Every structure is written in structure tokens, then in C-alpha cells.
Amino acid sequence: MKSNIFKRLLKGLLLAFLVFCLLMVTPRIIGFVFPEKLPIGYHFETLSYLAVGVGLEKLADLEPEIPETIEEIKDVEYRNVNGKSLQMDFYRPKSAVKPLPLLLFIHGGGWRSGKRSDYLVYLVDFAKKGYMAATVSYRLKRDSIYPAAVEDVTSAVKWLFENGENYGYDPNRIALVGGSAGAHLALLAGYGWGNTALHGEAASAHRVKAVVDIYGPVDLTTEYAQSQSLATGFIGHSYEEKPELYREASPISYLKSSVPPTLILHGTSDNLVPVSQSDTLKSKLDKLGVPCEYYRIPLWPHTMDIAKRVNGFSQKKMEAFFEKYL
């Protein structure tokens, strides 16, 4: 009797191990078959971590050394709110002799955490590729609720429009890049949140030329978004109390045919920001005739671009996108 139980247990463990191994090698198999060579993931976040732990998946170097060929300009104040200094950092190739296109990276963190150095891997890599790369701090939930963060990012973009000559970039060639909450802010700023009559600011003579949305929320009025503590904490009210704020804080509320070309990157196994958010954005942009490139990256969870394969894939798609639209 005990012998039979032991054999069944052993068979179960062996089967579980084989299933695990199959999941681990799936990215290699599928990535080889499909011509697009999408960096196929592991479906579950836990499996992604296990893949890293056993050496099947490498992490991107999120804190790279600043090479001698790159100039770093830190702590540039773009806004001061009640004594709180809001700052940017810049990274540019020292060899640059003409104004460069500028990429503004906006960190994520659920509007409650994160710092502008979080995207150092992107900043350094794109500076190496010949761009001026900038990163910005904004007020988090612990400082102020909506619309503080959006006001800060839109103010940063306005500041960038006005200071190109001082820092060696072309204010007519600016793209915004964000991940998660940072993508939400990038889309709002790029799609014209700060230029609406509601907020009382005249439209700038300059325009954001392109936006990159990496797994960002675009519609805060969905039932899922309404139930998320990150979203309600960001707005500062429940949907029942202030539904108009949820609409106002949703990038899809500002869609029109003149919004900038948009690149979307989203993992299909994202449990924090459902991929349906990006599906919706893509569908609406297509109907408006706005250029939109969308990569649904199979079986990857949120923050997928900390994985080296996904980060490399994302950079490749971003670089091609910028070459086309900047």
C-alpha cells in the first residue's frame, strides 16, 4: 500500500517537473519558430522568477555605468511647487555637434513610488545611440493626489519646449516614453491634457512627435480600474464620488486624429494592467487613423522589460519607431 502511494507521488512529482521544464524552454522553441521572434514569456510571474533563478532568463542591467562617451547633466530644476524642487537629468553623447532628438522617460511605480533613475538602462543605451535622453521626477501620491503628477509632467514637457537651445536638443523632435503609471502620464501629456480648455492653458507652438506606452493604463473608468487601490489612491476619491475625475485622468478621453504616433508594448499575462487596456487604445487609434505600432508580447507579466530579452526587443522596436517619426 505504502509502496503504491510512494510510486504515485513520485510520478506526480516527475510530471510536475516535466511540465515546469516545458514551460521553461517554451520561449526558445516558439521564439525560433515565429519569424517575428517575439520574446515569449512564462505566463506566470512566479515562473518568470524561477527562470531567472535557474539561469534560463537574464535580467537587464538596470544600473549601468555611465561611459566616458556620455555626458550626464543632473538635477536640473524644471518646476518648484511650494518649495519642492522638481528636477530632470539629461544624458547625451559628448561627440554631438548638432541639436539632438530628445526622449523624455517617465518612470512608473503606481503613482506612489519610483524615481527618475529607474530607467537608467534606457537613458544610457539611447544616449549611446545618438539621442538626448532625459528623465523626470514628479510628485507622487504621498505628496499630492491627481492632478499633481500630470501637471508636473505636462510642465516638464512645456519646459523642454522652451529650453532646447540651452541643452543641445531639438524642441521640435521630442518623444515621451513611459512604463506603467509613467506610460499613463506620458500619454496624457502627449495627447494634450495640459492644452484643454478645462485646464486653461494655451496650446504650445511645439508638439510632442511620438509617444511610447509600455504597459500603461489608458482607461480608468473600467470596473477593474475602479476597484484598484492604486487608481483610487492616485485620484484621491472613489469612482462613485468623482466619476468625472476618472474620465478626465484617462488618456482615451483625449483621443483625436491629431494625437502623436504611438508605440505600445504590453505583456499578455499582465495582472496589474490588463492587456485589454492596450487593445482598446490600439483599436481607437486605428479608427482615428493615428499611426500606431502594437506589440502584444506573449506570456509576460507586468514590468516585463526588466528581463534582458524583453528590454532588448523593446529598445529595438523603439529605435525603429523613433527613426520613423522623430
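Tabulated values for the structure
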item	result
Gained length - K58 relative to T46, 0.36 nm times residue gap less alpha-carbon distance	2.8 nm
Spatially proximal lysines relative to K141 (Cα-Cα < 16 Å; intrachain offsets below 8 disregarded)	K84, K115
Filter on K129/K287; K98/K209; K158/K308; K128/K284 - keep pairs with C-alpha separation over 29 Å	K129/K287; K158/K308; K128/K284
Relative compactness, the stretch 263-326, computed as alpha-carbon Rg over 2.2 N^0.38 Å	1.14
Relative contact order for the chain, counting Cα pairs under 8 Å that sit 6 or more residues apart, in percent	17
Expected 222 nm ellipticity per residue - DSSP helices of 4 or more, -39500 (n - 2.57), all of the chain, to 500	-12000 deg cm²/dmol
Selected from G267, G109, G190 as most flexible by GNM, with the chain as the system and alpha-carbon contacts under 10 Å	G109
Two-decimal ratio, the stretch 60-153, of alpha-carbon radius of gyration to 2.2 N^0.38 Å	1.14
Extent along principal axes [Cα atoms of the stretch 70-325; Å; largest to smallest]	53, 44, 33
Gaussian network model of the chain, Cα within-10 Å springs - most flexible of K282, K98, K129	K98
Reference-scaled alpha-carbon Rg (2.2 N^0.38 Å with N residues) for the stretch 108-244	1.08
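Every number here is computed from the coordinates shown, using simple stated rules; none is lab data. What you see is a predicted model, and the numbers here were worked out from it, not measured in a lab.
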